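The values are calculated or read from the model by the stated rules, or taken from the named source; none is laboratory data. No experiment lies behind these values; they were computed from the predicted model shown. As a convention, Cβ positions derive from the backbone with ideal geometry for all residues, glycine included, and neighbour counts pool all protein chains shown. Accessible surface is based on the protein model in full, side chains and every heavy atom, while ligands, DNA and RNA are left aside. Shrake-Rupley method; radii C 1.70, N 1.55, O 1.52, S 1.80 Å.
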Amino acid sequence: MGKGERPEHMAPPDIFYNEDEARKYTTNSRMIAIQSTLTERALELLALPQDGQPRLLLDLGCGSGLSGEALSEAGQMWVGLDISAAMLDVANEREVEGDLVLGDLGHGLPLRPGSFDGAISISAVQWLCNADRTGHDPRKRMKRFFETLYMSLRRGARAVLQIYPENPKQAEMLVAAAMKVGFSGGLVVDYPHSTRAKKYFLVLMVGTSIAVPTAKGLDGSEPEDEEEAAAAGGAEHVQVAGRDRNKRRRTGSGKGDGKGRDWVLRKKEQMRKKGYEIAPDSKYTARKRKRIV
């Protein structure tokens, strides 16, 4: 797969994640770190009671169990569902602690109503936005998925779905589909000002209407942990809406990008904390330079 290509553009997930791809994915140290970091953040947003009691969680699009291992390490019980038999075979070989179910999210979840204390999904739900096969209607598949997810969760439970939307329309489709079946909540975007570390979490709640959790990096900061920054994971596969268009506009107009002295000073301080040698601040820091043709 070439850089910049999205897996969902290449083949349906059960075909793309064949035996070779499943093993390659599971043994990739970068992918392991990304899955662990994203799952830890999903658990934060899930806001489970801190009473020492394990909860029963759903891991949607569990793959080979990398995210499930993070759930087990956090002391939770889990059931994983994935469309790729090859991924689940690898999970079985690795003897993950969760129970595994082969299934298509777009067909709905074959689970007993009100059985789960929460649900997470890492990098899977955006596949529902695509018509992978003849007869697939993304809106109907999303509706079926969210209806059955809502039914499977206990009242007061949350679902945290980390996604890589290709464009704003996909994100809007997913949020709208979830709200229509009764969920409250919305989209939490960590590090929204960063093209490197931006991450999208759809945080959904059953039977409650509390405020959506606060995102990280709203002040323009970048993650200090390199693994957390790398957890943009498919950032190379994500097209940030409007980024290319704005770049052309800046190039054509010759105007700056709006990042002033305060932003530059903050960035320099962040780099110093990471151990980089950065030039001292002066009255010339972030000064506007004349354009030389």
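The table that follows gives values for the structure above.
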read-out	value
Where LEU71 falls short, out of the listed (1) in a helix (DSSP H, G or I); (2) touching a strand residue (DSSP E or B) at 6+ places or on another chain (Cβ under 8 Å); (3) open to solvent by 20 Å² or more (accessible area, probe 1.4 Å)	(3)
Output for the stretch 111-150, where each listed residue is in a helix (DSSP H, G or I), without any contact (Cβ under 8 Å) to a residue 40 or more places away in the chain and open to solvent by 10 Å² or more (accessible area, probe 1.4 Å)	PRO138, ARG139, LYS140, ARG141, LYS143, ARG144, GLU147
Meets criteria (surrounded by 22 or more Cβ atoms within 10 Å (Cβ to Cβ) and not small (Gly, Ala, Ser)) for VAL96	yes
Qualifying residue in the stretch 29-48 (condition: in the same structural domain as ALA11 (by TED's automatic domain parsing), in contact with a Lys or Arg (Cβ under 6 Å, 6 or more places away or on another chain), over 18 Å from PHE146 (Cβ atoms) and surrounded by 13 or more Cβ atoms within 10 Å (Cβ to Cβ))	yes
Residue ranges of helices (runs of 4 or more DSSP H) in the stretch 1-65 with at least 2 members out of contact with any helix residue (DSSP H, G or I) (no Cβ under 9 Å at 6 or more places or on another chain) and at pLDDT 95 or above	29-46
Subset tally (residues that are part of a helix (DSSP H, G or I) and open to solvent by 10 Å² or more (accessible area, probe 1.4 Å)) for the stretch 172-197	7
